[in-house]
């Protein structure tokens with residue numbers, strides 16, 4: 001009896017896990033700027049207009065040449081800043097950076113829990129369509145790319161769902 005249960009559970013897992021991976025991939029349409037691939041694009045969902053919200057992305061660079069993310073913009077906010085949390089003082093301080101490096105043959109992980117995030121100042125949720133908002137990311141070498149960011153109530157869980 002126990003062997004039959006284990007076999008049933010194993011079958012369910014085999015059938016479910018690939019489906020979960022496929023579902024995750026189906027949620028995110030590929031986006032790239034030249035050789036840079038953008039994935040795990042998520043934005044914290046809020047209902048109220050005018051709030052500041054954080055967005056996250058992973059940028060992979062498969063080339064031997066580094067690049068820089070120099071700007072982010074969208075129709076969904078008054079402006080977007082590249083924020084970094086500086087914890088070197090007595091209390092954390094939010095710093096707005098002019099650019100972030102995307103290392104050669106490496107990645108820039110702007111992820112929940114890290115010091116980095118895009119801060120959408122004066123966010124307007126009415127611009128969202130189908131649970132997404134479109135941001136434009138501009139790189140010094142690769143140029144600009146528009147990419148949809150999925151709205152989520154839990155950025156860390158949404159980021160982790162890609163694993």
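The values are calculated or read from the model by the stated rules, or taken from the named source; none is laboratory data. These figures come from a predicted structure and were not determined experimentally. FYI the Cβ positions are ideal-geometry reconstructions off the backbone, even for glycines, and counts take in every protein chain you see.
Some observations on this one:
- Residue check: residue 157 meets all listed conditions (1) farther than 13 Å from residue 54 by Cα; (2) modelled with pLDDT under 95; (3) assigned to a loop (DSSP other than H, G, I, E, B) but one, namely (3).
- If you check 160, 122 for being without any contact (Cβ under 8 Å) to a residue 24 or more places away in the chain, surrounded by 12 or more Cβ atoms within 10 Å (Cβ to Cβ) and over 21 Å from residue 35 (Cβ atoms), only one passes: 160.
- Selection from region 27-50 of residues that are farther than 10 Å from residue 132 by Cβ and not in a strand (DSSP E or B): 30, 34, 35, 45, 46, 47, 48, 49, 50
- Residue match in region 145-153 (condition: surrounded by 16 or more Cβ atoms within 10 Å (Cβ to Cβ) and not in a strand (DSSP E or B)): no
- Per the conditions (1) over 26 Å from residue 143 (Cβ atoms); (2) under 15 Å from the mean Cα position of the chain (by Cα); (3) exposed (fewer than 14 other Cβ atoms within 10 Å of the Cβ), the sole criterion not satisfied by residue 30 is (1).
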